[in-house]
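Only one structure is covered here, and it is reproduced in the block below.
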Amino acid sequence: MRSFDKSTRLDPALVPLWVGLWGFLGLFVLYPLVRLIYIVFTTDGGVSLINLIKVLMSWYNRKAFFNSLALATAVSTTGTFIGFLFAFAVTRIPLPQPVKWFLGAVVVLPFVSPPFTSSIALTMVLGPNGLLLKLLHAPDFNIYGFWGTWIAETLTYFPVAFLTLTAVLKAIDPNLEDAAMSMGNTSWGTFRTVTLPLSIPGLANAFLLLFGSSLADFSTPLVMAGHSFPVLTTQAYLQITGMYDIQGGATISFILLVPALLVYLLQHYWVEQRSYVTITGKAGAPSVVKGGRFFAEALILTIISAITLFIIFLYSIIFLGSLMKVWGIDNSFTLENYVYVFTVGWEAVKDTVLIAIISTFIGSAIGVTTGYLINRKDLPWRKTLEFMSLLNYVLPGTVVGIAYAVAFNSGPIVLTGTMSIIVALCVSRYDATGIRATIASLQQIDPSIEEASLSLGASRFTTFFRVTLPLIMPAVTTGMRYLFVVSMTAVSATIFLVSVRWSLLTIRILECITELLFAQAAAFSVVLVLIVFFAIGAIAVLFHIIYPNYYRQLRRL
């Protein structure tokens, strides 16, 4: 990335964009965080640590803190292990291409689902009146607590490790493994001395990503943990909604900042260590990737087949449950739950789709503009702007949601109860993927292409829309799809901002779960997943119509 030269004159045409971006980030990223810190460290108008001391003196809060760390460690360990098995299977075992596609499709299902889909399914199967409990005649079994939360979070987040490690294993040159085996090494020896060491940066990165995701997760512990296994995210929520103590909730969420920022710094460190991955200046003819021996391959395929079948089983339960009157009590088929969704829950469906669409278009425009200015223009404070644009994404959703509630519930800027505050949160928190994708895509494009367009007489505006934008279109659509999906499924931050005027599907699902309306919750989940799949397809078709070479560029990446 180019450094800013103080002698370079600032392009006057870029000043409004630059000022507008700083204004947006200052208002919706920096200002809420400052208000959160202010409310934590002030008492009676003076600086004080009494709020922190009060929270830390509570044994229940200390238990929640250590439970959060223990849960995150367990989820990241098992999730990374399972993700590695899936990644190894699709990159190192000679499976038919349709089987690899099928495994990838099943694994990404949690990405397009509400975050507590696994929790709903586990409750319907292993909770009170659960299907398996009746079949196994084990009515006293209790899924709630650590074990249920651990299973649900592992199933929800291991796809993150799968996607990370698949890219890492694909980047390892198979010629290295071939050379090791040609020198007399066994399959296990080659894996232990070549494949595994080269995967360590990816394994560490996946571990930290899952650790951070579990630490910030709010919805799964709220459904599965129960009172016997408190964690910090649910404690902060209950402190505000149950005890109406926003200062206490803000203080608990601030404590969550410490491990979250530590994980981010470690994850950033490992990402920067890309030099561990094999990079060859002059590659020979690629050899066929090497898997393990027959027994090892059979063992891996057995494990991932069992997990895949379990995921399919859970999602089948969700669909089946949405068609039953009262799950576990009256299992007669009915469409009443879908009637409920499109009558009682219609406002939530309409509001969620509207907020997701508006957030997607505004966030995409801001993401492309931010990525373009950071990568292509010599402007001051670019590094700071890049960090600020990622800050809300790094922080746990509970922290961001409480910070917004603190900042915009009273003067000088009051946005509580409006759609604007939810859209602003979605854009400022989930636009990071679009910004990073735009920057990465621009780094692959030689600036001389745009310079040639300018030298031929085209304006900067024409060059951007006729040359630059079509070349980065796959990155733009990646950011749009991600922004739409997470705007539809977000809950940890938005739960503090919904109002009577604006509701969300995920909040309706959570309300159904707390009222033990599992069939209605399942119907809401099915509708949400179908809307997400339809929107992803619509975005692809729309860009294919606008840019006929869209699919060709996707295949090229």
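The values are calculated or read from the model by the stated rules, or taken from the named source; none is laboratory data. Quantities reported herein were computed from a predicted structural model and do not represent experimental measurements. Every residue, glycine as well, gets a Cβ built from its backbone with ideal geometry; the counts of neighbours run over all protein chains shown. Areas reflect the complete protein model, heavy atoms only, side chains present, ligands, DNA and RNA absent. Shrake-Rupley method; radii C 1.70, N 1.55, O 1.52, S 1.80 Å.
The criterion of at least 3 residues that are under 17 Å from the mean Cα position of the chain (by Cα) and under 29 Å from Ala535 (Cβ atoms) is met by the following helices (runs of 4 or more DSSP H) wholly inside segment 444-503: 473-489.
For (1) surrounded by fewer than 14 Cβ atoms within 10 Å (Cβ to Cβ); (2) among the charged types (D, E, K, R), each residue gets a yes or a no:
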{"site": "Arg35", "(1), (2)": "no, yes"}
{"site": "Tyr38", "(1), (2)": "yes, no"}
{"site": "Gly45", "(1), (2)": "yes, no"}
{"site": "Gly79", "(1), (2)": "no, no"}
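Total residues in segment 277-310 satisfying the condition of being at pLDDT 55 or above, open to solvent by 60 Å² or more (accessible area, probe 1.4 Å) and polar (S, T, N, Q): the figure is 1.
Quick check on my filter: what residues within segment 182-195 are part of a helix (DSSP H, G or I) and open to solvent by 60 Å² or more (accessible area, probe 1.4 Å)? Explain how you work it out, then say what you get.
To start, the set of residues in segment 182-195 that are part of a helix (DSSP H, G or I) comprises 182, 187-195.
Listed by number, the residues that qualify are Ser182, Trp188, Arg192, Thr193.
Any residue that is more than 27 Å from the chain's Cα centre (by Cα), among the small types (Gly, Ala, Ser) and within 27 Å of Ser213 (Cβ to Cβ) - is there at least one of those in segment 57-67? Yes, segment 57-67 has at least one match.
Being free of Cβ contacts under 8 Å to residues at least 12 places away in the same chain and in contact with a Leu (Cβ under 8 Å, 6 or more places away or on another chain) is the filter here; which residues of segment 311-339 pass it? Residues satisfying the conditions are Phe333, Thr334. Applying the set (1) assigned to a helix (DSSP H, G or I); (2) surrounded by 19 or more Cβ atoms within 10 Å (Cβ to Cβ) to Phe387 leaves exactly one unmet item: (2). Ser228 falls short on exactly one of the conditions (1) modelled with pLDDT of 80 or more; (2) farther than 18 Å from Arg62 by Cα, and that condition is (2).
Counting only residues that are assigned to a helix (DSSP H, G or I) and either small (Gly, Ala, Ser) or in contact with an Asp or Glu (Cβ under 9 Å, 6 or more places away or on another chain) (or both), which one in segment 54-77 is most open to solvent (accessible area, probe 1.4 Å)? Looking at residues that are assigned to a helix (DSSP H, G or I) and either small (Gly, Ala, Ser) or in contact with an Asp or Glu (Cβ under 9 Å, 6 or more places away or on another chain) (or both), I get Ala70.
Please go through segment 157-167 and give me each residue that is open to solvent by 20 Å² or more (accessible area, probe 1.4 Å) and either charged (D, E, K, R) or modelled with pLDDT of 75 or more (or both), ordered by number. Listed by number, the residues that qualify are Tyr157, Val160, Leu163, Thr164. In segment 513-526, the qualifying residues are those that are open to solvent by 10 Å² or more (accessible area, probe 1.4 Å) and in a helix (DSSP H, G or I), and the one that is nearest to Phe465 (Cα to Cα) is Val526.
Condition (residue is out of contact with any strand residue (DSSP E or B) (no Cβ under 6 Å at 6 or more places or on another chain), modelled with pLDDT under 90, in a helix (DSSP H, G or I) and not charged (D, E, K, R)) applied to segment 352-360: is it met by at least one residue? No, segment 352-360 contains no residue that is out of contact with any strand residue (DSSP E or B) (no Cβ under 6 Å at 6 or more places or on another chain), modelled with pLDDT under 90, in a helix (DSSP H, G or I) and not charged (D, E, K, R).
Here is a yes/no grid of residues against (1) closer than 23 Å to Leu69 by Cβ; (2) not hydroxyl-bearing (Ser, Thr, Tyr):
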{"residue": "Ile82", "(1), (2)": "yes, yes"}
{"residue": "Val112", "(1), (2)": "no, yes"}
{"residue": "Ile120", "(1), (2)": "no, yes"}
{"residue": "Pro128", "(1), (2)": "no, yes"}
{"residue": "Asp140", "(1), (2)": "no, yes"}
{"residue": "Ile143", "(1), (2)": "yes, yes"}
{"residue": "Thr149", "(1), (2)": "yes, no"}
{"residue": "Ala161", "(1), (2)": "yes, yes"}
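Any residue in segment 335-348 that is in contact with a strand residue (DSSP E or B) (Cβ under 6 Å, 6 or more places away or on another chain) and over 18 Å from Leu510 (Cα atoms)? So far as segment 335-348 goes, no, none of its residues is in contact with a strand residue (DSSP E or B) (Cβ under 6 Å, 6 or more places away or on another chain) and over 18 Å from Leu510 (Cα atoms).
Would you be able to say whether some residue in segment 96-118 is part of a loop (DSSP other than H, G, I, E, B), over 22 Å from the mean Cα position of the chain (by Cα) and buried (at least 19 other Cβ atoms within 10 Å of the Cβ)? Among the residues of segment 96-118, not one is part of a loop (DSSP other than H, G, I, E, B), over 22 Å from the mean Cα position of the chain (by Cα) and buried (at least 19 other Cβ atoms within 10 Å of the Cβ), which makes the answer no. In a helix (DSSP H, G or I), among the small types (Gly, Ala, Ser) and out of contact with any helix residue (DSSP H, G or I) (no Cβ under 7 Å at 6 or more places or on another chain): which single residue out of Ala365, Ala437, Ala403, Ala424 fits that description? Being in a helix (DSSP H, G or I), among the small types (Gly, Ala, Ser) and out of contact with any helix residue (DSSP H, G or I) (no Cβ under 7 Å at 6 or more places or on another chain) holds for just one of Ala365, Ala437, Ala403, Ala424, which is Ala365. Can you pull out the residues in segment 472-502 that are open to solvent by 30 Å² or more (accessible area, probe 1.4 Å) and hydroxyl-bearing (Ser, Thr, Tyr)? Across segment 472-502, the qualifying residues are Thr478, Tyr482, Ser499. In this structure, does Leu335 turn out to be over 30 Å from Ser213 (Cβ atoms) and over 21 Å from the mean Cα position of the chain (by Cα)? Yes; evaluated as a whole, the condition is true for this residue.
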